[in-house]
Structure formats: C-alpha cells, structure tokens
Number of protein chains: 2
Amino acid sequence: MPTYAAPVDDLAYVLTQVLEVQRLANLPAYADLSPDFIQDFLRGAADICEGVAQPLNQPGDSEGCRWENGSVFTPQGFRQAYKAFADGGWIGLAFDPDHGGKGLPGVLAESFYEMLAGANLAFSGYIELSEAVFTAIAAHGTDAQKRLYLPKLASGEWTGAMHLTEAHAGSDLGRVRTRAEPAGDGSYRLHGSKIFITNAEHDLADNIVNLVLARLPDGPPGARGLSLFLVPKHLPDADGNPGARNAVHCASLEHKMGLRAAPTGVIVYEGAVGELVGQPHRGLQAMFTMVNDARLGVALQGLGIAEVACQNAAHYARERHQGRVPGADAGGEAQPIIGHPDVRAMLLTQRSFIDGARALGLWVAMQIDLSRLHPDPDERRRADERAALLTPVIKAHFTDRGSEAANLALQCHGGHGFIREYGIEQFVRDVRVTQLYEGTNGIQALDLVRRKLALDEGRTLAALLDEMADAAVRSRAVPAAACFGAALESALADLRRATDWMNGQVGAAPVEAAGGATDYLRLFGLVAVGWMWVRMATVSARALDAGSGDPAFHRRKLAVGRFYMDRTLPETALLARRVARGAEGIMELDAAAF
Amino acid sequence: MPTYAAPVDDLAYVLTQVLEVQRLANLPAYADLSPDFIQDFLRGAADICEGVAQPLNQPGDSEGCRWENGSVFTPQGFRQAYKAFADGGWIGLAFDPDHGGKGLPGVLAESFYEMLAGANLAFSGYIELSEAVFTAIAAHGTDAQKRLYLPKLASGEWTGAMHLTEAHAGSDLGRVRTRAEPAGDGSYRLHGSKIFITNAEHDLADNIVNLVLARLPDGPPGARGLSLFLVPKHLPDADGNPGARNAVHCASLEHKMGLRAAPTGVIVYEGAVGELVGQPHRGLQAMFTMVNDARLGVALQGLGIAEVACQNAAHYARERHQGRVPGADAGGEAQPIIGHPDVRAMLLTQRSFIDGARALGLWVAMQIDLSRLHPDPDERRRADERAALLTPVIKAHFTDRGSEAANLALQCHGGHGFIREYGIEQFVRDVRVTQLYEGTNGIQALDLVRRKLALDEGRTLAALLDEMADAAVRSRAVPAAACFGAALESALADLRRATDWMNGQVGAAPVEAAGGATDYLRLFGLVAVGWMWVRMATVSARALDAGSGDPAFHRRKLAVGRFYMDRTLPETALLARRVARGAEGIMELDAAAF
C-alpha cells in the first residue's frame, strides 16, 4: 500500500526562500503571505490530502466509476471525501471573494493542487475542473450567471465540467459539430454528442455546471465559429436550487488505462437547454482564457505523481534487503538496495527533476498571479507573456519527465513494481494521461515554437534568457553555487543556439521548425529547470554560509541539484544539435511505408 | 481493436540477406535453411500467430486468469489456441529430435518467439517456459527423466514452469529457503513457498513439469547450496500418464499491471514429491545453463511488443485526420496526422530501433546455435562467449527501448491511446514486465560490466569491437552505406573510451563501475544496433546498386536506418561522458535523505 507525505517543507522553501512571495505583499491576495501563514496553509492542505484523499487513491482505482442507466457512481468514500474538502474550505481557494472564493493567490492554490494530484489524481479533477468553469464564467458570464453559478462552484455545492472534444475534433476543435439553436427566449437548445468528457456526470454534488463548445446556426465554419454554452445538469429553479433534469446525458463511460476513479465518457445533448457565455462565435477564445491555468495544473499533476512515486521508491529501496551492494564485503546479511549506485541514480534522477520542477511550476503560477494582480499594466502584460511562454514548456516537460520518473520509481521496485498491491504501477498508469490531455505534448511543442517564441516580437524570450544568465552570474559570488551557474551557462548557450535556429525557420520553413519542435521544448525545459536549480543552490549555499535554517535540508538540496546539473542537464548539447536537423530525413518516406 | 501483421519479410531479410544463415549449411539443423524453407516457415508461423494467438490478446487481458480453490482457469479460447499450436507442431521447434523436438535452429525458433510475443505476450509464456524446462532436463536430467518428460514437453502435451523467486529471494536467489528432504527412496519431499511463479498452475495441459530451486539439508548457505528439483503437478503413473496430484499448489494469484492472461502467483510445497535434476547443490548453475536463451527470449519480447505497437501507431497516424499539417495551405479538409514531423519522428524512432534490434537479436540467436552446433570447439567457445557478452545488453536494451517504443506508439494515438478499446495501452502495460523479470535491467548492467567484459580476458569484447569497425570499413565501398559506417565509427570511439574506463574501474573501484554500468549498457546497446544498421545498409545499398530484390523495401531500410544513425546513435557521446563520472555525486546522501 503506497504512502504519501505532502512535500510541505519543499513547497515552503520554494515559496518563501526561492520565490520570496512575501516580497509581493503590496499585491492584493499576497498581503497575508507571511512565512507562518504559508506554513500553516501548506500544513492544512497536507493534512487533508494525506488523510482524506490519499487513502482512497488505490481503492478508487480498483473499484472505478460505475455507469448505470445514465447515472455515474463514484467509488466508495469519494462522496464523503469531497464533502470534507468542501466543508474544509478547500474548494475555490483562488476564487474571487466577491463570488464566494477564498481570494488566495494562485501560488498557494497550485501548491495545494500539486499535493492533491500526488494524493489522488482522479479525485483532484473533481475540484480542479470546477476552477476552470468558475474562471470562465467569472471572465465571460453575465452578472446573472455569475450571481447564480459562482457561489455554488466556490462552495463546492456544485461542480463543473468542460465539454470540448468530439470524435472528429480533438486537437482540431474547429471541427466541432454540436449545434446550438436559439429557442427564441434568449436560451438555446443543444444537439449533438461529445467524447472523452470527464466529470460531466457523477454523484458527488447536487448539480453539475457544464460548459459546452457548440456552433450557432450562423456560426462560420472552423474554430472561429464556436460559442460557449452553460448547460447545467439540472436547470436551476427560481430559488437557484437544482430543478428539472436537463437533456444532457452520459451515454457511456470509457475503460481507461488509469485515472479510473474519474468518469470519462460520451455525452449526448438532446435539445439540452443552454445559455450563451460570452460573445457568440467567441467560445474558443473564452476557453483559452484559462488555458495557462489549466496547463499549469496538468504540469503540476505530472510533478505530483512523480513526487509520490519517488517517495515510495525511496521507501522501498531503504526497506528491501537483497544481496550485497558493490564494494561491500562478501558474506553477511542482505543489504538494502538503496546501497546500489544504480538505484540511487534512479532516485536522484527523479528527485532532482521534481525539486527543480516544483520551483519552476510555482514561478509560473506567480507570473499568472502577477498578470492579474500587479498594479502596473505593463508588468501585468509582461507577466502574462512569461506565463504564456513557459506554459507549453512545463505542461509537456513536467508530464514527460513525470512519466519517466514514475517509471523509474516502478523500476526501483523490481518485480514488485508490476504487482498492483504495491500501488506504484497505478502511478505509471495514471500519470500517462497527463502527456495526452489539455493538448498532447506534441501540440505543446508546436505552440511553443509557433506562437510563444514570437511573443512581444521575441522580447519576452530574450528577457527570460537574460534573466537566466543573470542568475548564473549571481551564483558566482557564492562558492558552493558557482558550479551550478557554470553548468547553466553552458546549457543556456545550447538553448540560445537552438532558439536562433528556430527563429530562422519558424516563418520560412514551418516543416523544419515542426521537425525540431519537440527536441526544442525538451531542451527549453531542461534549461528552465536548471535555472531554478541555480537559484535554489544560491539560496541554500548562502543559508549554509550564514548558518541559517536546517543545514541538512540545504546540504541535501545542493547534493540533489548537483546531480541534476552534472547528469541531466548536459543532454542539452545533444538536443541542440538535433533541433538544428529540423525535419531532415523525416519527411521522405511515404505514409504507407511506415 | 489492434491488429498485427507478423514481420515476415523483415525476418526473412535479416536471416537470408544480413546474417546469411544459408551459408552455415554445413551445420546440423542449418542444412535445410534455404531461403524458400525460411520463407515457408516464417509464413506458417505468421499465420498461426496472427490468426490464433493475436485475436485472444485483448480479450485475454480483459478477462485475465481466474483462481478457484487452487485451480487456475485461463481466459476463454486459450485452451483451444494452445491445442492448435501443439497440433500444428509449433512447440519444441528447436528441441532435440531424439526427444520429440523438431530440431530446427534457434534462429528460426526465436523468429517465431518474436512473432508470438507480438501477437500475444501472455500466451507466449505457456510455450516458452516449456522450452526452458526442456533445456534444463535435456542438459542435466537422468536418462529416465529425459525419456519420461522430454517428449511430453516437446509435444505440448505437458507444459513447464520455473520456480525460483521467494519473498526474500529475488535478485538474491542465494537466500532461497524452500527445503528438500530426502525421502529415503531416492526421491525428496519439498516444503516451503515461492512467489511470482508463472504458469505453475493452469488448465491448458494435462500436467505441469515444475523445476524448483530448493535447499537440501546438507546444502551450504548461499547460492552454492541450492539444488534443482523436478516437481510434477501430477506424479506420472507406471505408464507415464498423469497420476496422483502432487502436494504443490497455487495459493493465490497476483493482480498485475499487465500480462494478465498469464497466471503469476504464490506456490506452496507441502511435502511435494520431487526428483533431483543434476548434481546436489548445483541447482543454480543448472538453471543458468539456459540463462542466455531465456534472456534472449525476453529481449525479443520487448522487440515483439515494440513491433506490434509501432504497426498500430502507424495505422492510427495514417487514418486519423485532424487539422492541417505544417506547410499545408490553410483551409480544406483535415489531414492525416502522419503528415506531422513530430508524429513521423516518433514512428521512425520506434521503427529504426525495431529493425536494427531484430537483426541484433537474431545474430545473438545464431551465436547460441553456433555455440552448440559448430564442429570446432574453439568456435563453439567463441560463439558462446559472444552470446554471453551480448545477452545482458539485448535483454536490458531491447526491453528498455521496447517500453519507450510502446509509449511513443501510445503517444501517437493522442487521447485514444489512454482508452483500453484501442489496445495500445495494453502493450505499454504488458511490455513493462520485460524490464523486470529474468533479472532487472540494473542486474543486467552489473552482469555486463562485472562478468562479461572480462570474458576470455577481454578478448571476446575486443574481437567484437573490431568486427564492428570492420563492418564500418566495408561500408565505405558502397556509397549509400558509407555514411552509416562513418556514424558507427564515431559511436564506436565513444564505446571504446567508455570500455577502457570501465575496465580500469571494475576490479579496482566496484562502486564507480556500478555507477557507470547502466549508462554503459545503453551505450553498448546503441552501438550494437548501429552496427547491425551498417550491415543492413551495406546489404540494401548493394541490392539497389545491383537491381536485385524489391527496391522500395531496400530504400525504406536505408531511410529508416539513416534516421537511427543521425538521431538515435549520437546519444553515445553523452553516455560515454556520463559513464566516466562513475558514482560521482551518487553515494554522498544518507539513505534517509532520499
């Protein structure tokens, strides 16, 4: 049975010492972020994630969700657990207090989401999807929609779901065929069906607020002709309570590799009553309002699963006695396998990715906060562009490497890793979806090179690379961190070279750019995580020099970080060379020859 | 529903054009290996694998095996399928004809095993494990044991199972506690229990021939005190028919990540009657008689799953229309995703590994054949050492990269990859075990650096590296292959440098050697597959020059191979540098700090 200890100290370290969020106390929502407040928040989040969500993770996977005559029943215990999170005030953490939210900054909400994903990924979706729906209605809904729906979502009384994909419209949402006919009374009737829709039907809440992409009769073809509709499971009555059942139904559930405690299935609209959210034909743009948050959320899911998998692998490696480790005397008792360099290297590969990625993920969350909260509009724009630039990088990189980490954690278990009882194989199955949903990782790479490099005519990227270089320079003043900076400078040169190449191709030779995009994203991700390691090394080396904090904690950070800089980061040279090959040799075979 | 087309043409190409097995016609078993005979054999094998085993793969996974009061029931259809393979003569292909086998060379049997793994990995074990038991009894059994058991195994009337692992004895078999007490009549009574035992109980055959590692009362502690016992499920009666039920029972089955149609569970011995096989206290050595075959078999499982996964990914990528590919005009119909460079690169990564690995796997199979069949004892020894050297490399490398390939194939499916109906996620789950069983891949790396580099005082390895270099030199004479040779030479220099480093460490600094072992094995695997690509490129470029064979086939080989040499192989430089870091930075953290 796997265990999970939420990484409270590591999160607090990133927030208070690396990102120093307390220095943003002039921003609304950041005013209360003293180290004590943060510690208390994280401890409370850890308690409920560890105590309520985690124990249901493995049973939830075994039992799965059950479909019966259009109703979906969640696994045993999920109703009570959901109620505990709602009652405890863990839903709507970052929502606007005017609509019932807690008004906390995104950096704290995202810290909570990482823990929740590590504790129970399937369960986390019931809470996170409500946030996406809340954000869309808050940004685009009418006052009446906000008054009716937002407080119910913020309290957790109702949950939310997003309806995008159709059988022929996955990455290519422009081909959505679900129709919305005006009913003459200002409302609409929706007809059609969608697939791969998660949490649109379940038994956790009294009502479900569905946001559905559909096409109006006068909607032009393609992505620019889609509108967003609010289609509640139960139509609210005059008092705002769930009334008549709406004609939106779950026709079946998919059998999935993982995430089995979250219902994903086919949804049909048979004249379902909907209200328009935002402008007609602007539905896709409205959805993309929250794409940075949603993709950051998925990135943190990859990270959260890597964390819990790594913890269990380390536990197993300490407890499992088997043979003798290299360099030990012959004979004697069996020794824990954590003495094997290979097992340690697997654990350090996981851990050094996790700790660095956590800092980078929360840095992105802070940019999203700044993009909304900063008083200066130029700062807001800059922060928004930084978040937009890094979003595809962390979505793809954290989920690719999160999957690799979970697989390494399984490998540390030897044959036991293949047995369901140990729980580690569930992490491998669950995390696999994060590389696929919210845009496959290949889509993220295209988004990065086609749209994000050009933000502010390339100045967003240039400024970020300069900031990375500055961090390397600053590390030189701290002896134990200087080697981190030197390693980053070398990797950064690879990233600059690849970026120059990519900028030269992306307009002129789109096939070449696409050919290098995935390697470029990985290169970018490796460097960005390395940048965070330089910052952390500088902080921890200074703390050791000053004798502040727990020296064991900081020494561990330096040791883990050195592994990253020495072993993981040097892949950048190989990647930079491969990026510059573009699509060379990739396009010549006929499709039939594959 | 996934499909599978056995790679008959590719196997025939490797056997007849690359390895030229027909040139070994002077060897017994190779005498009949004309290209026509090989083609007929492969076509027959393909027909039964595609037609009988493959259709049961997905249903078998869904249904799994069922345990009931100690009996195990295989999924629907498995009994009939097993009978079809037995009746068709597909069991015992390479067994000694004196004991009922077909006497075919290992290269053909292994070609069949690759297909069978691709068609239905769980089913393949019922046949392959019998081979391991046959080989052990043939090598170490008494004449009476051979007479009684071998023909039954060869005909498929009875099946076999190997009983090694115990709860505290996995990689460390020396800690096996199962006891064997002499009964006074030459037989023994076994007491104890084992875990993770596969196919020791099922309903496919009338009897199961179990080989069990256990300790005699006078067995010294450790691996050198274990003996091997033959413990049939039913004790044969005087006529050699299954008689009284033996006291060896399946107490429970494990719930596994994959391979669910193969029963793996706890076996208990409650005074089970056993016969000694081979010498007392020499049981482990007897088991290791067939370790090269068994690990080659697992390597080919990794390859077989990669093949079927890649086929299905290519099929999906051709059929799935979604958006526009880079460089296409805006507007118009959705285009197949195989037009995306990223999707093609994923497919080429898989395919270029698969085709190269197939040649290397069959080269190892040929060495095993030569080690048994060659008239010259020196040649036999050299071939045996070559097989021994390459065995850990292909076991770990093919299964690691097979897993990567299956995951890439899943990724090509986008969200559909996560849905069980498409079948691709089963390949990812099934293949995962190949990295764990028959010695985890970490164990393979230690075996390679600790035992295999030193074979014949290093001459085995040196001769192999020279042969690789020769292949590169020979490729220079063929213009279209010369670039393959140049790429191999560069990678080979990395392997030589890493080998020199490793040879310097392995005796003097075992921790350093262990720290570099896994990267060294990957480096070795990449180069060895690259060597096969040089050989294939030379063959195919010559065929194109001579106008012989199907030019499309050979052009495809060259295009796929160039991708390997340009994109995959250059990782060797990074790996060589990482190998030479040894255990640097890996050992300093306390176990508790992970």
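The values are calculated or read from the model by the stated rules, or taken from the named source; none is laboratory data. Here the structure is a predicted model, which is why all the values come from computation and not from measurement. We place every Cβ from the backbone using ideal geometry, glycine too, and count neighbours over all the protein chains shown.
Which residue is surrounded by the fewest Cβ atoms within 10 Å (Cβ to Cβ), if the candidates are limited to segment A:572-586 and must be assigned to a helix (DSSP H, G or I) and charged (D, E, K, R)? Full working, then the answer.
Filtering segment A:572-586 for residues assigned to a helix (DSSP H, G or I) gives A:572-579.
Now drop any that are not charged (D, E, K, R), which leaves A:577-578.
Numbers: A:Arg577: 17, A:Arg578: 24.
Ranking the qualifying residues of segment A:572-586, first place goes to A:Arg577.
Please verify whether B:Thr518 is over 23 Å from B:Glu467 (Cβ atoms) and crowded, with 22+ Cβ neighbours inside 10 Å, treating the condition exactly as stated. Spelling it out, B:Thr518 is indeed over 23 Å from B:Glu467 (Cβ atoms) and crowded, with 22+ Cβ neighbours inside 10 Å.
When B:Arg522, B:Arg497, B:Arg474 are checked against the criterion of being basic (Lys, Arg), over 24 Å from B:Ala546 (Cβ atoms) and away from every other protein chain (no Cβ under 14 Å), a single residue qualifies: B:Arg497.
Scan A:Ala294, A:Ala261, A:Ala200 and give me the residue that is within 23 Å of the chain's Cα centre (by Cα), among the aliphatic types (A, V, I, L, M), over 28 Å from A:Ile354 (Cα atoms) and more than 14 Å from every other protein chain (Cβ to nearest Cβ). Can you show your working first?
On the way: A:Ala294 fails: over 28 Å from A:Ile354 (Cα atoms); A:Ala261 fails: over 28 Å from A:Ile354 (Cα atoms).
Testing whether each residue is within 23 Å of the chain's Cα centre (by Cα), among the aliphatic types (A, V, I, L, M), over 28 Å from A:Ile354 (Cα atoms) and more than 14 Å from every other protein chain (Cβ to nearest Cβ) leaves just A:Ala200.
For segment B:454-508, the set of residues classified as over 25 Å from the mean Cα position of the chain (by Cα) and outside any helix (DSSP H, G or I) consists of B:Arg476, B:Ala477, B:Val478, B:Val506, B:Gly507, B:Ala508, listed by residue number.
Residue count for segment B:547-581 satisfying the condition of being under 30 Å from A:Leu347 (Cβ atoms), touching a residue at least 24 places away in the same chain (Cβ under 8 Å) and at the interface with chain A (Cβ under 8 Å from one of its Cβ atoms): 6. Would it be correct to say that A:Asp376 is out of contact with any Pro (no Cβ under 8 Å at 6 or more places or on another chain) and either farther than 30 Å from A:Leu408 by Cβ or of a type in the set (Lys, Arg) (or both)? Taking the combined requirement at face value, the residue satisfies it.
So which residues in segment B:396-435 are more than 10 Å from chain A (Cβ to nearest Cβ) and basic (Lys, Arg)? Passing the criteria: only B:Arg401.
Checked against (1) of a type in the set (A, V, I, L, M); (2) under 25 Å from B:Asp9 (Cβ atoms); (3) surrounded by fewer than 22 Cβ atoms within 10 Å (Cβ to Cβ); (4) modelled with pLDDT of 95 or more, B:Ala31 meets all criteria but (4). Taking the conditions (1) within 23 Å of B:Asp342 (Cα to Cα); (2) buried (at least 24 other Cβ atoms within 10 Å of the Cβ); (3) small (Gly, Ala, Ser); (4) within 12 Å of chain B (Cβ to nearest Cβ) in turn, A:Ala593 satisfies each one other than (2).
Just one of (1) at pLDDT below 95; (2) among the hydrophobic types (A, V, I, L, M, F, W, C); (3) more than 30 Å from B:Val325 (Cα to Cα) fails for A:Leu173. It is (3).
What residue, among those in segment B:201-241 that are part of a loop (DSSP other than H, G, I, E, B) and of a type in the set (Gly, Ala, Ser), is modelled with the lowest pLDDT?
First pass over segment B:201-241, keeping only residues part of a loop (DSSP other than H, G, I, E, B): B:201-206, B:216-222, B:233, B:237-241.
Adding the requirement that they be of a type in the set (Gly, Ala, Ser) leaves B:205, B:219, B:222, B:238, B:240.
Working: B:Ala205: 97, B:Gly219: 94, B:Gly222: 89, B:Ala238: 94, B:Gly240: 95.
Ranking the candidates gives B:Gly222 first.
Screening B:His168 on (1) in contact (Cβ under 8 Å) with a residue 24 or more places away in the chain; (2) over 30 Å from B:Ala94 (Cβ atoms); (3) within 14 Å of chain A (Cβ to nearest Cβ) shows it passes everything except condition (1).
Over 15 Å from A:Gly417 (Cβ atoms), in a helix (DSSP H, G or I), at the interface with chain B (Cβ under 8 Å from one of its Cβ atoms) and free of Cβ contacts under 8 Å to residues at least 24 places away in the same chain, is that true of A:Arg318? Show your work before the answer.
Working: over 15 Å from A:Gly417 (Cβ atoms): yes; in a helix (DSSP H, G or I): yes; at the interface with chain B (Cβ under 8 Å from one of its Cβ atoms): yes; free of Cβ contacts under 8 Å to residues at least 24 places away in the same chain: yes.
Considered against the rule, which asks whether it is over 15 Å from A:Gly417 (Cβ atoms), in a helix (DSSP H, G or I), at the interface with chain B (Cβ under 8 Å from one of its Cβ atoms) and free of Cβ contacts under 8 Å to residues at least 24 places away in the same chain, A:Arg318 comes out as yes.
Against the conditions (1) closer than 23 Å to B:Tyr4 by Cβ; (2) facing chain A (nearest Cβ under 10 Å), B:Asn441 satisfies every one except (1). Listed by first and then second residue, the pairs linking a residue in segment A:66-79 that is within 15 Å of A:His249 (Cα to Cα) to a residue that is assigned to a loop (DSSP other than H, G, I, E, B), with Cβ atoms under 6 Å apart and 6 or more places separating them unless they lie on different chains, are A:Val72/A:Cys65; A:Val72/A:Glu201; A:Val72/A:His202; A:Val72/A:Pro263; A:Phe73/A:Asp203. Taken over segment A:326-360, the criterion of being within 17 Å of B:Ala223 (Cβ to Cβ), of a type outside the set (S, T, N, Q) and touching a strand residue (DSSP E or B) at 6+ places or on another chain (Cβ under 8 Å) is satisfied by A:Glu333, A:Ala334. Does A:Gly504 meet the test of being closer than 20 Å to A:Ala480 by Cα and more than 12 Å from every other protein chain (Cβ to nearest Cβ)? So A:Gly504 fails the test.
In segment B:271-282, the residues that are at positive phi form Cβ pairs under 9 Å with partners that are of a type in the set (Asp, Glu), at six or more places apart or across chains, as follows: B:Gly271/B:Glu181; B:His281/B:Asp218. Of everything in segment B:328-357 that is of a type in the set (Asp, Glu) and over 14 Å from A:Thr518 (Cβ atoms), the residue that is nearest to the other protein chains (Cβ to nearest Cβ) is B:Glu333.
For segment B:406-437, filtering for residues that are more than 17 Å from B:Asp61 (Cβ to Cβ) and either among the hydrophobic types (A, V, I, L, M, F, W, C) or at pLDDT below 95 (or both) leaves 3. Out of all the residues in segment B:179-200, which are assigned to a loop (DSSP other than H, G, I, E, B), surrounded by fewer than 23 Cβ atoms within 10 Å (Cβ to Cβ) and not aliphatic (A, V, I, L, M)? Scanning segment B:179-200 gives B:Gly184, B:Asp185, B:Gly186, B:Ser187.
For segment B:33-61, a residue qualifies if it is in a helix (DSSP H, G or I), more than 23 Å from the chain's Cα centre (by Cα) and touching a residue at least 12 places away in the same chain (Cβ under 8 Å), and the qualifying residues are B:Pro35, B:Pro59.
Taking A:Val393 as the residue in question, decide whether it is within 10 Å of chain B (Cβ to nearest Cβ), assigned to a helix (DSSP H, G or I) and either in contact with a helix residue (DSSP H, G or I) (Cβ under 7 Å, 6 or more places away or on another chain) or buried (at least 24 other Cβ atoms within 10 Å of the Cβ) (or both). Talk me through it step by step, then tell me what you get.
Numbers: within 10 Å of chain B (Cβ to nearest Cβ): no; assigned to a helix (DSSP H, G or I): yes; either in contact with a helix residue (DSSP H, G or I) (Cβ under 7 Å, 6 or more places away or on another chain) or buried (at least 24 other Cβ atoms within 10 Å of the Cβ) (or both): yes.
Considered against the rule, which asks whether it is within 10 Å of chain B (Cβ to nearest Cβ), assigned to a helix (DSSP H, G or I) and either in contact with a helix residue (DSSP H, G or I) (Cβ under 7 Å, 6 or more places away or on another chain) or buried (at least 24 other Cβ atoms within 10 Å of the Cβ) (or both), A:Val393 comes out as no.
Here B:Leu129, B:Leu121 are screened, and the one residue that is closer than 28 Å to B:Leu436 by Cβ and within 14 Å of another protein chain (Cβ to nearest Cβ) is B:Leu121. Checking the stated criteria, B:Asp10 turns out not to satisfy the condition of being assigned to a helix (DSSP H, G or I) and exposed (fewer than 15 other Cβ atoms within 10 Å of the Cβ).
What number of residues in segment A:119-149 are of a type in the set (Val, Ile, Thr) and touching a Gly at 6+ places or on another chain (Cβ under 7 Å)? Residues that pass the stated criteria total 1.
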